[in-house]
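Below is one structure, written out as structure tokens, with a few remarks after it.
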Amino acid sequence: MTTLTVNGVDHRLDLDDARVTLLDALRDRLGLTGTKKGCDQGACGACTVMADGKRILSCLTLAAQCEGREIITIEGLGVDGVLHPMQEAFVRHDAFQCGYCTSGQIMSAVCLLAEGRAGSDADIREFMSGNLCRCGAYPNIVAAIREVAGAGGGHA
Amino acid sequence: MTILERPRHVGPGVDRVDGPQKVTGAARYPNDFSHPDMAHAALVRATIAAGRVARLDTGAAESAPGVLAVLTHLNAPRLATGPSALLATPPPPLRDDRILYYGQYVAVVVADTPERASAAARRIEVGYEPAEPLLDIHDPRAERLPDPWGSDASWGDTRAALDDAHVVIEASYTTAENTNNPLGLFSTLAEWDGDTLTVHDSTQWPTRVRATLAQMFGVPEAGVRVLVLYVGGGFGAGLRVWPHVILTAMAARQTGRPVKLVMTRPEMFTGIGHRPATVQHIRIGATRDGRLTAIEHESRSTVAIEGDNIEPCATVSTAAYACPNVTAHDEQVRLNIPWTNSMRAPGEAQGNFVLESAIDELSHALGIDPLELRLRNYAEVHPRSGLPWSSKALRECYEVGAERFGWSRRVPEPGSMREGDWLVGYGMAGISYFWYQAPCQARATVRGDGTAYVRSAVTDIGTGTYTIMTQLAAELLGLEQDRVTFGLGDTSMPPGPQAGGSGLTAALGSAVHAACRNLVRAFLDAAAADPASPLAGCDLDDVAVTGGRVHRVGEPERGESYAGILAMRGLDELSADGDSTPRTPQEAGMAPAGPFGARFVEVRVDPELGRLSVARVVSAIDGGRILNEKLARSQIIGGTVGGIGMAMFEDTVSDPGTGRIANATLGDYLVPVNADIPDMDVSFVGGPDAFNPIGVKGVGEIGLVGMAAAIANAVFHATGKRIRSVPITIDRLLL
């Protein structure tokens, strides 16, 4: 049995297949479908989650590697049903359209602030470039992150 | 009932009603659904582009752990063909041993887990008898289809006018294959119960999926239910019922289990269509003072061997300018390639690149400012029909865009503007987008608690349909927005058309308009049963709706609440249906107008390294009545990002010998990333359109159009190099 700690809750998982990625474990075995699969090749960023406070690509991480790590997904970002400031800003700035990349964008953006890389629009653009948005909401994503960064960043 | 004169709910930038769902991960896309006893499917694709399957060894796969079924052309059930109308369904998969393109499905494997299904799929061995594939758009052996959509046009005497013109511009252009690549992996989950079938599917057209599955599997349409509450983008890819959808339903029927298929990203390059490559030739004749005398535009695009695709490129030149002699001819060439299909602004994207580049070439040849040249040839009436436009504010687009951009600061001489080591270029393009609208139905209900539920079996692919229809229904029923719910994405609702052709807002909005009017009429009828009702004897024109009440115009106190009318009659709720079918231009006495737009772009070019970047984009758009300015702006921004992709990055590269796509991943097929995109300035000009009752025009595609030409024109202004092929990559800039 493997124990995955996701959003503060321990889950005992029978990982009968060593090939199961963290992404598929979250989605298929824990029912946490907020984390999205856009390429399964580490190229699009839609599957970004937080592991021990750092953004990682859950499609390139085996679930079995995550024992003892603190995983936070989009479902664990808000507190008691209240949106995280980054989630609020994404809604206000219309920083998404279809919404499929949004979980990854938001997880990446929250980590970006923690990394201290949201000091300028150029930095935000550069360090958010691992998260593709095919609907093309980039200017609004930058605006949302800029606003939260300017307000002090919110909690991670 | 007078409507939309002083709108309260439509217009302002309301946040998306589904925003909280999308930012918390709660919005459920087709691949987020599952069943406890679900099995998983994996696809096997052909590794030749033409020929036959000579040998199939499925033994290792069949005996692999967890495998439930392996379907190939040898054992797959024979299905009927699907609809052949507009955006035809590809022929039934696994029907014979012929291979018509690289990536065609040759088998599907069903297993108890996705890992086991894909592992087993890799153990299937396929032997081929290859034939020589037709892969080149110039191949003389390839079948040509002249005027495939009946859209060719010719008026005046173009040849003679070109002979007589003071100045003639003649050039050939090419555009690359692009792949839609919505970020959401297309997925299908199919569950049979006897002859009834429930399907979650990544589609832009649920009613088409239902009709197709019913037809191909020979079951009653009423027993097929298609669900798609959210879809991870489409950009046209979800407009057809692709073979993987059929295979998933087939696999579910064969195994007796619900089956889920999630496409891989490489499969998304071959299995759900792509924007075809084009080669185009244009000749433009003009007088010395810049009056167009002739346009001759010819275009050739690619189409799959057994495919169809609507891609009118030359047609763009029949709607843009006042010109007495015009000839437009489109043709298709059949090749052994995956199906070509609509991708955001099909035909317009490539045709506009050519026309608006050539107009820029003409402006340079004549020494007339590109903006001034366009204004001198402004089409005051529809050029082809001579009918007045239902609306047209392109002149205002040019004026507002030029002002906000600072076009007057442009120094005409190419290569004359610099900032540091960078060459600076200003470029522009105009757009006259086509009009499209399909029939649509909707149903509106007001309940005893004063809330409303309005619905139609359409999709919201990210454009904001949920939100703008909530606003519109709130407006038309006189309710606060939080009292209105809009439902979609379920074929048990009244049928609606595809989210495509920039046509859904007008079609659905008109149907919602009709349904809401019919519902208010139903409430008037209910009220009239009581002769003492303040609404007795009122017709729709006599009343207004505000605050959940129907009342006499100008007399808010003389009316009744919806809840009151229902309670008085002992009813739980009242519902009404509405439908919309567009008039013909002849009936209306006007040419229905699509949106218009003007794009102004500033680029920077590093003359030594060939690096190109877009520094600024200013867009002015005539989209008719804008139902939600925040979301409409997002459509323009998003389209612009797609247009930058087409202009600078996107190129689906196939091996010329085998037809294998060589860059079928998101790491290799370049799309714009955040760092490629500047801030954008978007303005909406013009007012309500006269062709539909709510005055809207679709803005989902126009944002992409014009970017390729504006960027290429800016590159010419920066460097003096005329690039006639997109994407404009470093190699093309350095050569």
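Some observations on this one:
- Within the range A:112-130, the residues that satisfy the criterion of being outside any helix (DSSP H, G or I) and more than 7 Å from chain B (Cβ to nearest Cβ) are A:G116, A:R117, A:A118, A:G119, A:S120, A:G130.
- Matching residues in the range A:73-111 - criterion: being farther than 22 Å from A:G38 by Cα, of a type in the set (D, E, K, R) and facing chain B (nearest Cβ under 10 Å): A:E88, A:R92
- Residues of the range A:84-94 include at least one that is open to solvent by less than 10 Å² (accessible area, probe 1.4 Å), closer than 30 Å to B:E701 by Cβ and not in a helix (DSSP H, G or I).
- Remark: pairs (first residue in the range B:455-476, more than 11 Å from chain A (Cβ to nearest Cβ) and without any contact (Cβ under 8 Å) to a residue 60 or more places away in the chain; second residue of a type in the set (D, E, K, R) and outside any helix (DSSP H, G or I); Cβ separation under 7 Å; 6+ apart in sequence or on different chains) = B:R455/B:R443.
- Restricting the range B:641-651 to residues that are open to solvent by 10 Å² or more (accessible area, probe 1.4 Å) and not in a helix (DSSP H, G or I) leaves a set whose member that is farthest from the other protein chains (Cβ to nearest Cβ) is B:D651.
- No other residue among B:G594, B:G638, B:G610 is closer than 18 Å to B:P688 by Cα and either in a loop (DSSP other than H, G, I, E, B) or within 12 Å of another protein chain (Cβ to nearest Cβ) (or both) apart from B:G594.
Residues are listed down the side, and each one gets a yes or a no for (1) of a type in the set (V, I, T); (2) on the phi < 0 side of the Ramachandran plot; (3) open to solvent by 50 Å² or more (accessible area, probe 1.4 Å):
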position	(1), (2), (3)
B:E413	no, yes, yes
B:S416	no, yes, yes
B:W422	no, yes, yes
B:G430	no, yes, no
B:T459	yes, yes, no
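- The set of residues from the range A:28-42 being without any contact (Cβ under 8 Å) to a residue 24 or more places away in the chain and either crowded, with 23+ Cβ neighbours inside 10 Å or part of a loop (DSSP other than H, G, I, E, B) (or both) comprises A:G31, A:T33, A:K37, A:C39, A:D40, A:Q41, A:G42.
- Hits in the range B:207-241 (condition: of a type in the set (S, T, Y) and away from chain A (no Cβ under 12 Å)): B:T207, B:T212
- Residue match in the range A:45-65 (condition: assigned to a loop (DSSP other than H, G, I, E, B), under 18 Å from B:Y230 (Cα atoms) and either open to solvent by 10 Å² or more (accessible area, probe 1.4 Å) or not assigned by TED's automatic domain parsing to the domain that holds A:N140 (or both)): yes
- Selection from the range A:95-126 of residues that are without any contact (Cβ under 8 Å) to a residue 24 or more places away in the chain and open to solvent by 50 Å² or more (accessible area, probe 1.4 Å): A:E115, A:G116, A:R117, A:A122, A:D123, A:E126
- Condition met for B:A708 (facing another protein chain (nearest Cβ under 10 Å), over 16 Å from the mean Cα position of the chain (by Cα) and at pLDDT 95 or above): no
- No other residue among B:L566, B:L535, B:L612 is in the same structural domain as B:A393 (by TED's automatic domain parsing) and hydrophobic (A, V, I, L, M, F, W, C) apart from B:L612.
- Look at (1) within 30 Å of B:Q635 (Cα to Cα); (2) without any contact (Cβ under 8 Å) to a residue 12 or more places away in the chain; (3) out of contact with any Gly (no Cβ under 7 Å at 6 or more places or on another chain) and you find that A:D16 fails only one, number (1).
- Positions within the range B:5-34 being more than 27 Å from the chain's Cα centre (by Cα) and modelled with pLDDT under 95, in sequence order: B:E5, B:R6, B:P7, B:R8
- Scoring B:A473 on the criteria (1) in contact with a Pro (Cβ under 7 Å, 6 or more places away or on another chain); (2) open to solvent by less than 10 Å² (accessible area, probe 1.4 Å) leaves a single failure, condition (1).
- Being open to solvent by 20 Å² or more (accessible area, probe 1.4 Å), in contact (Cβ under 8 Å) with a residue 60 or more places away in the chain, more than 14 Å from chain A (Cβ to nearest Cβ) and assigned to a loop (DSSP other than H, G, I, E, B) holds for only one residue in B:L87, B:L94, B:L74, B:L79, and it is B:L79.
- Qualifying residue in the range B:587-603 (condition: out of contact with any Ser or Thr (no Cβ under 8 Å at 6 or more places or on another chain) and open to solvent by 50 Å² or more (accessible area, probe 1.4 Å)): yes
The values are calculated or read from the model by the stated rules, or taken from the named source; none is laboratory data. Not measured: the values here are computed from a predicted model. Cβ sites come from the backbone with ideal geometry, for glycine too, and all protein chains shown count toward neighbours. For the accessible areas, the whole protein counts, side chains as well, though only heavy atoms, and no ligand, DNA or RNA atoms are used. Shrake-Rupley method; radii C 1.70, N 1.55, O 1.52, S 1.80 Å.
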